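To start, the structure under review is shown below, and the notes come after it.
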């Protein structure tokens, strides 16, 4: 029975056994004689985009192309890379999902935050588009933009003055009164506030305390094109950096602390400053003695090395003074809320990932905004310390996170019984805003006790990191994981870009008096006879570099400046600045308890900056790079020898004095462009001029104009006046147009003909 059933089951078709599985590869790379024998991916045609997908991608690309070049280049490069490596679908997906949804709103909020403030004044509506293009504007275009803004403000101020004189029947006696100038200041300043600046003395104007002198000083800046050029350049730098931060170019994985562009700009500016200093000298006005300006600067605190040593000596002295007073130390770290951070770091150590922080997208806070927040809460802390009779002193260091957001490190000292109260007050104000967010209690405020000294060791690392990276070889940055010495350039560039002071003493005597007491003229000189023993003790402590003894001699920590033993003496300079303001200069030291009139002068010698003299007796053929030199690397035969540029005629001191007398007599006005040019040339007469002979240029085209096309000094002096008259009519002329008008030619601007009479350089002879 069983056999029969087995036979019935065996009848019919029998399914064959499945083939054995293929042997899996080990994943090892192909090793063979010929590389073309290696296995390759299948070749196939990628599915094209749909019409909707293509339209979406093109719209996003148009948005990218509308951005400034430095920013669009980053995104277009990313799109090109994805298109080449991963295909059109991956590139289009990045455009729509990544850029359009996450990056583009951040860029828009930054541009909206930095755009022209129409609510302040609608007078510059015609310049809205030009101001919106400020991040990508070059220097030449920015200079023309500044000229237009200053020219329009000057034109409005002149119109206000003419209307006032006409209303008073030609009487201009009340024109310089406080009320009239304050009213004119309010009109002009409101127009200037459209460009996101706060004019000088604005708060004084809002409180109704603005006098005519302060109003004229501020108005002189608002109608000055060079002042506007400096303001717009600073805004351009910060706007560019804010856009790069919003695009995710400043973070742990890209460029920590500051972008590559910001670092290059700061380094280029410093190199230019060094070249300027190397080309100038300090001249003694009385004797004519000259010393190199660069040597004097490098011997001051402008030298990063000397600045670092002074800070190290200061914090060591503060710690020594605290030990003598039996005060205890604290190392405080304060950070900003999470909404001030453009990015956040997720993942374990060694595998961190940087993601956009969506809380930042609402306000787009800049590092400057973060610094303002920290300054605000510190002012609240200091008020609480004063109300509770708490006394703290020490040093503060500001440094950035990897995404550019600032945080503070503070070395503070106080009495032992006051320490906990101080910490509680600081923690309460540090967590007052968004204190309930995740991680706020742990990361926003941190306090470490320093009972056994060593306070300077806590903060010395941060001082070196924020200056030059001295003695930090082999140490790793906690934020970035990179060497601390390499991060010093990025940190200093960050501080320079955002104009954030990195170091600030807290509650210690004035550093100005400390530096004046260390002057060379007071080195080893006793002040016991001219002042008293208290003053001599302060001078001797400063001379020896003992900052602890200096603090004790000045009265200790948190002593009001008026009751300190030694203070800096200042007096009004003989000459006003370029804006006709009285300026104070340091002349020495004085002791308040002995009277303000008893001054010991430390700066009796008057110096001025002049350009280095050029030795005209040098044989040009002896120079290695000279034309025709025996060791010249090129054959200069046949090259036309170009004539040197004519020197600019600088006004003599006698002429400047005569102009000043005319101004005081009322014969000429400050607003006269020729007067302004005369005084400006007198001030800048000793400034070094750029040497363009070493700049690479096209040798087929001569740099100098033909003799017949060169401007005379008189014609060159007419150009500023012509430019001003054209700007009053809303015309911005090119340089060649100004030269043509100065030589007596006619130029058409929008079917309007302009010409100026040609000047006769030789009186008595007719102009041919």
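The values are calculated or read from the model by the stated rules, or taken from the named source; none is laboratory data. As the structure is a computational prediction, the values presented were derived from the model and not from experiment. Positions of Cβ are generated from backbone atoms using ideal geometry, with glycine treated the same way; all protein chains shown enter the neighbour counts.
Can you tell me which condition residue 179 does not meet? The list is (1) more than 30 Å from residue 366 (Cα to Cα); (2) surrounded by fewer than 18 Cβ atoms within 10 Å (Cβ to Cβ); (3) touching a residue at least 40 places away in the same chain (Cβ under 8 Å), and all the others hold.
The number of the failed condition is (3).
Out of 578, 535, 587, I need the residue that is part of a helix (DSSP H, G or I) and either assigned by TED's automatic domain parsing to the domain that holds residue 460 or over 30 Å from residue 367 (Cα atoms) (or both). Which one? Step through it out loud before you land on a result.
On the way: 578 fails: part of a helix (DSSP H, G or I); 587 fails: part of a helix (DSSP H, G or I).
Being part of a helix (DSSP H, G or I) and either assigned by TED's automatic domain parsing to the domain that holds residue 460 or over 30 Å from residue 367 (Cα atoms) (or both) holds for just one of 578, 535, 587, which is 535.
For segment 302-334, what are the residues that are farther than 30 Å from residue 361 by Cα, outside any helix (DSSP H, G or I) and in contact (Cβ under 8 Å) with a residue 24 or more places away in the chain? I'd like the intermediate steps shown before the answer.
Of all residues in segment 302-334, those farther than 30 Å from residue 361 by Cα come to 302-331.
With outside any helix (DSSP H, G or I) added as a condition, the list becomes 302-303, 325-331.
If the condition is that a residue be farther than 30 Å from residue 361 by Cα, outside any helix (DSSP H, G or I) and in contact (Cβ under 8 Å) with a residue 24 or more places away in the chain, then 325, 326, 327, 328, 329, 330, 331 are the ones that fit.
Within segment 155-169, can one find any residue that is outside any helix (DSSP H, G or I) and over 27 Å from the mean Cα position of the chain (by Cα)? Explain how you work it out, then say what you get.
From segment 155-169, those outside any helix (DSSP H, G or I) are 168-169; that's our starting set.
Those left that are additionally over 27 Å from the mean Cα position of the chain (by Cα): 168-169.
Yes, some residue in segment 155-169 is outside any helix (DSSP H, G or I) and over 27 Å from the mean Cα position of the chain (by Cα).
Would you mind finding the one in 342, 337 that is within 22 Å of the chain's Cα centre (by Cα) and in contact (Cβ under 8 Å) with a residue 60 or more places away in the chain?
Result: 342 is the single residue among 342, 337 that is within 22 Å of the chain's Cα centre (by Cα) and in contact (Cβ under 8 Å) with a residue 60 or more places away in the chain.
Specify which of the listed residues (84, 93, 45) is over 27 Å from residue 262 (Cβ atoms) and surrounded by 12 or more Cβ atoms within 10 Å (Cβ to Cβ).
Among 84, 93, 45, only 93 is over 27 Å from residue 262 (Cβ atoms) and surrounded by 12 or more Cβ atoms within 10 Å (Cβ to Cβ).
Being at pLDDT 95 or above, surrounded by 14 or more Cβ atoms within 10 Å (Cβ to Cβ), more than 23 Å from the chain's Cα centre (by Cα) and not assigned by TED's automatic domain parsing to the domain that holds residue 59 is the requirement here; does residue 148 meet it?
So residue 148 fits the description; yes.
Across segment 371-390, what is the number of residues that are touching a residue at least 12 places away in the same chain (Cβ under 8 Å), surrounded by fewer than 17 Cβ atoms within 10 Å (Cβ to Cβ) and either touching a strand residue (DSSP E or B) at 6+ places or on another chain (Cβ under 8 Å) or in a loop (DSSP other than H, G, I, E, B) (or both)?
Of the residues in that region, 1 qualify.
Could you look through segment 270-285, keep only residues that are in contact (Cβ under 8 Å) with a residue 12 or more places away in the chain and within 22 Å of residue 488 (Cβ to Cβ), and pick out the one that is surrounded by the most Cβ atoms within 10 Å (Cβ to Cβ)?
The selected residue is 277.
Taking segment 341-370 only, how many residues are on the phi > 0 side of the Ramachandran plot and surrounded by 17 or more Cβ atoms within 10 Å (Cβ to Cβ)?
Of the residues in segment 341-370, 1 are on the phi > 0 side of the Ramachandran plot and surrounded by 17 or more Cβ atoms within 10 Å (Cβ to Cβ).
Residue by residue, here is whether (1) modelled with pLDDT under 90; (2) part of a helix (DSSP H, G or I); (3) touching a helix residue (DSSP H, G or I) at 6+ places or on another chain (Cβ under 6 Å); (4) surrounded by 13 or more Cβ atoms within 10 Å (Cβ to Cβ) holds:
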| site | (1), (2), (3), (4) |
| --- | --- |
| 253 | yes, no, no, yes |
| 287 | yes, no, no, no |
| 294 | yes, yes, yes, yes |
| 297 | yes, yes, yes, yes |
| 300 | yes, no, no, no |
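Given the criteria part of a loop (DSSP other than H, G, I, E, B) and not assigned by TED's automatic domain parsing to the domain that holds residue 235, does residue 351 qualify?
Against the criterion (part of a loop (DSSP other than H, G, I, E, B) and not assigned by TED's automatic domain parsing to the domain that holds residue 235), residue 351 qualifies.
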